[in-house]
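Every number in this text was worked out from the coordinates using simple rules, so none of it is lab data. These numbers come from a predicted model, not from an experiment. FYI the Cβ positions are ideal-geometry reconstructions off the backbone, even for glycines, and counts take in every protein chain you see.
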């Protein structure tokens with residue numbers, strides 16, 4: 001079987017994206033998805049995305065981690081899926097789509113994509129760290145020198161240690177640069193390594209910065225190793241609403257892959 005794909009990146013977080021509306025791709029073949037994502041024996045990507053039909057929205061996005069297993073919400077991947085879906089004529093500048101955690105809206109603005117995430121009403125303080133779910137689970141650690149952190153080693157220890165264990169958690173290391181600016185590095189579960197950027201991770205970092213009263217700003221500028229993003233939100237008595245992740249989505253190249 002030969003299928004066409006587009007390689008995308010969103011602030012360095014890269015994905016193989018396919019049009020699977022005909023449902024021909026063997027989506028449950030975890031080994032095949034993992035091989036496609038492998039950087040030595042495949043196309044190479046942090047994740048795999050299939051665009052499918054959806055009766056209630058513009059399209060359904062199925063997201064898989066690099067290990068081949070279906071994952072939770074991916075913020076950077078969602079923007080790439082939206083860009084690709086528009087190129088297929090499935091949506092316009094205003095988007096409604098469905099993914100693992102339900103329906104989301106988004107819109108194109110100034111060459112970028114603004115993605116609406118679900119409200120957050122719960123989080124846990126874990127000593128000096130904060131755990132919260134922004135569509136995917138995230139552990140947030142504040143540090144004084146972001147570049148001195150061994151993200152791979154320290155991230156893996158936290159991601160699969162107590163209380164996460166086999167389920168795992170994404171781990172974000174955050175350094176505050178200014179009143180409304182932070183630098184974020186993320187260890188992603190499923191990839192089991194540091195990625196250049198993580199959309200739901202920087203969202204968690206922005207909210208955690210506000211929760212911990214390190215900022216009063218409701219728009220946080222985010223630096224990652226792969227580029228810049230912004231997160232805006234509205235604090236309420238119940239938590240945070242109107243959460244929007246904004247950033248680029250860039251097609252890198254197109255190709256064909258023969259699936260054995």
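In the stretch 123-247, the inverse of the mean reciprocal separation of distinct Cα atoms equals 14.2 Å; this is its Kirkwood hydrodynamic radius.
Sorted from longest to shortest, the spans of the Cα atoms of the stretch 1-128 along the three principal axes equal 44, 42, 28 Å. Here the relative contact order of the stretch 102-241, from alpha carbon pairs under 8 Å that lie six or more residues apart, stands at 19 percent.
With respect to the chain, whose longest principal axis is taken over its alpha-carbon atoms, helix 75-87 is tilted by about 40°. Dividing the radius of gyration of the alpha carbons in the chain by their Kirkwood radius gives 0.96 for Rg/Rh. One chain, two ends: residue 236 and residue 101. Fully extended at 0.36 nm per residue, the span grows by 46.4 nm beyond their Cα-Cα distance. Using the Cβ-Cβ distance between residue 257 and residue 192 with R0 = 25 Å, the FRET efficiency computed as 1/(1 + (r/R0)^6) comes to roughly 0.65.
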